[in-house]
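Notes follow the structure.
The values are calculated or read from the model by the stated rules, or taken from the named source; none is laboratory data. Only a predicted model underlies this, so the values are computations on that prediction, with no experimental measurement involved. Cβ atoms come from the backbone with ideal geometry, glycine included; neighbour counts cover every protein chain shown.
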Amino acid sequence: MNIIITGASRGIGYELTKIFLAGEANHVIALSRNTVKLKRLAEESSGMIARNSRLDVLGFDLLNDDYRKVLIPFLTDRLGTVDILINNAGYLVNKDFEQLTDDDFDRIFNTNVKSVFKLTKELLPLFSGAAHIVNISSMGGVQGSAKFKGLSLYSASKGALNVLTECLAEELKEKNISVNALALGAVQTEMLAEAFPGYQAPLKPDKMAEFIMDFALNGHRFFNGKILPVSVSTP
């Protein structure tokens with residue numbers, strides 16, 4: 001399998017990369033702006049890569065770097081085609097509504113929605129038959145779920161991502177590309193700890209990564225255009 005994972009330098013993306021590499025014949029491209037942590041990921045993964053599997057890392061800013069001059073040639077040279085895209089990169093701000101700024105709005109929506117739009121669009125010529133796009137969303141973006149104070153923009157961006165997921169599934173079905181979103185509950189990542197110091201989530205990134213990997217490999221056989229809650233509670 002040829003797999004692209006965004007936001008791979010920490011948290012769920014970091015663990016996802018390692019888990020895929022432990023399986024045979026998986027070629028993973030790990031993307032992140034943080035080249036230092038990508039180097040650490042490559043070093044940590046070197047001793048656990050299974051037979052015929054391979055890791056390539058690329059420091060790439062999904063919002064500002066040049067897709068057609070940098071990313072697409074890199075992917076074409078190393079992968080050729082893409083079987084799985086996991087849009088995991090995300091940004092979270094915990095602020096009361098009246099304290100939020102235009103910059104907060106732009107950064108949250110650009111990271112959580114626009115980057116998915118840009119990357120998916122640019123990769124369309126590379127997707128293989130029966131490809132699967134998995135968007136990592138949040139329970140906060142699911143209509144009718146309980147909402148947390150301070151997460152209005154984050155939750156709204158994930159709600160937009162959910163609707164984009166449903167629309168992409170319809171638009172891409174003739175290309176045999178499936179698109180689903182996993183609406184995660186709280187996971188004990190660095191991003192969560194930064195936004196909610198002292199809070200302890202019920203799940204760790206490696207456990208959630210195991211579930212996401214299995215869904216990325218098999219979920220498109222049963223689902224398309226679906227927003228699937230993945231939470232041990234009902235936040």
Review point. Looking at segment 98-109, is at least one residue more than 22 Å from R10 (Cα to Cα), modelled with pLDDT of 95 or more and in a loop (DSSP other than H, G, I, E, B)?
Key: yes
Practice item. State whether the residues of segment 54-65 include one that is in contact (Cβ under 8 Å) with a residue 40 or more places away in the chain and outside any strand (DSSP E or B). Key: yes
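Condition check ((1) of a type in the set (A, V, I, L, M, F, W, C); (2) more than 23 Å from D214 (Cα to Cα); (3) within 17 Å of the chain's Cα centre (by Cα)) across all residues:
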site: I12; (1), (2), (3): yes, no, yes
site: E15; (1), (2), (3): no, no, yes
site: E44; (1), (2), (3): no, no, no
site: R54; (1), (2), (3): no, no, no
site: V57; (1), (2), (3): yes, no, yes
site: L63; (1), (2), (3): yes, yes, yes
site: D77; (1), (2), (3): no, yes, no
site: G90; (1), (2), (3): no, no, yes
site: D104; (1), (2), (3): no, yes, no
Revision key, fill the gap. Subset of segment 44-62, residues at pLDDT below 95 and of a type outside the set (G, A, S), comes to E44, M48, I49, R51, N52
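Can we say S145 is within 27 Å of D214 (Cα to Cα) and either in contact with a Gly (Cβ under 6 Å, 6 or more places away or on another chain) or surrounded by fewer than 21 Cβ atoms within 10 Å (Cβ to Cβ) (or both)? Give the derivation first.
Values: within 27 Å of D214 (Cα to Cα): yes; either in contact with a Gly (Cβ under 6 Å, 6 or more places away or on another chain) or surrounded by fewer than 21 Cβ atoms within 10 Å (Cβ to Cβ) (or both): yes.
When the stated conditions are applied, S145 passes them.
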Exercise for review: Select from segment 95-114 the residues that are polar (S, T, N, Q) and surrounded by 15 or more Cβ atoms within 10 Å (Cβ to Cβ) and write down the one among them that is nearest to G140 (Cα to Cα).
Suggested key: N112
Exercise for review: Among the residues of segment 115-142, write down those that are surrounded by 20 or more Cβ atoms within 10 Å (Cβ to Cβ), out of contact with any Pro (no Cβ under 6 Å at 6 or more places or on another chain) and over 13 Å from N87 (Cα atoms).
Suggested key: F127, A131, G140, G141, V142
Review point. Scanning segment 120-150 for residues that are in a strand (DSSP E or B) and small (G, A, S), which turns out nearest to D77 (Cα to Cα)?
Key: S128
